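Here the structure is laid out as structure tokens; the discussion comes afterwards.
The values are calculated or read from the model by the stated rules, or taken from the named source; none is laboratory data. Just so it is clear, the structure is predicted and the values come from calculations on it, not from any experiment. Using ideal geometry, Cβ is built from the backbone for each residue, glycine included, and neighbour counts are taken over all protein chains shown. We work out accessible area using only protein heavy atoms, side chains counted, and drop any ligands, DNA or RNA first. Shrake-Rupley method; radii C 1.70, N 1.55, O 1.52, S 1.80 Å.
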Amino acid sequence: MYSEAYIQNFLSRAYSDENLSRSVERELQSAKRHFLIAEFNGKVVGYAQTRQVKEEEYELLRIYIRPEYHKMGIGKEFIQRFTQVLKPINKLLAWVGKENHRGRAFYEKSGFKEIEEMIETIEGHSKTQVKYELDIS
């Protein structure tokens, strides 16, 4: 979906140890942000972060799991944990690239419904993003 150079530049900035540490610090200082980390055999294998957007509505900002740990239920566990700790919650939202078939399949399998699309432009790269919503009752 993106060039290798773009991906490497983006990852080095957005998901550096420093940036992730700042995200955890923000989460600790804000009741509106939540950050979960998954470990397997003492090794960090994934993380997920939400932010509150309305009184009972949260956005899943990021959910990442190392590829070798995909299909182990870690992503599903993140969703379940967020629905337990983010009380009260009635909606969980997520944006994913339209061309990200693996990500979209994950959300759809997890019960999310596609509700909207938008064009996002970052550093001159325009991509269609799909908004998913999970109703929690």
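Output wanted: per-residue J couplings in Hz (rounded whole) for the stretch 39-50, from phi through Karplus 6.51 cos²θ - 1.76 cosθ + 1.60, θ = phi - 60°, x for Gly and Pro.
10, 9, 6, x, 10, 5, 10, x, 7, 8, 9, 10
Cut-off under 25 Å on the C-alpha distance; same-chain residues fewer than 8 positions from LYS43 excluded. Which lysines are left, in chain and number order?
Filter leaves LYS71, LYS76.
Once the Cα atoms of the stretch 24-131 are picked out, what are the Rg and Dmax in Å?
Cα radius of gyration and Dmax of the stretch 24-131 are 14.3, 41 Å respectively.
What is the local net charge at SER137, summed over the other residues whose Cβ is closer than 15 Å to its Cβ (Lys, Arg +1; Asp, Glu -1)?
That works out to -1.
Accessible area of ARG104, 1.4 Å probe, to the nearest 10 Å²?
Here the accessible area works out near 40 Å².
If you place +1 on the Cβ of every Lys and Arg and -1 on the Cβ of every Asp and Glu, how big does the dipole about the Cα centre of the stretch 58-137 come out, in debye to the nearest 20?
340
Quick one: which residues, 5 or more positions from ILE136 or on another chain, have an amide H under 5 Å from its amide H? H modelled 1.01 Å from N in the peptide plane, none for Pro or chain starts.
Long-range HN contacts for ILE136: LYS91, LEU92.
Using the structure shown, select from LYS54/LYS113; LYS32/LYS127; LYS54/LYS87 the pairs with a Cα to Cα distance greater than 21 angstrom.
LYS32/LYS127
In nm, give the distance between the simple-model label positions of ILE122 and ASP135, each being 7 Å from the Cα along the Cα-to-Cβ direction.
3.1
How would GLU99, GLU57 line up by accessible area, probe 1.4 Å, largest first?
So the residues, ranked largest to smallest area, are GLU99, GLU57.
Just need the relative contact order of the stretch 29-136 here, percent rounded to a whole number, with Cα pairs under 8 Å and 6+ apart.
With pairs under 8 Å counted, the relative contact order is 20 percent.
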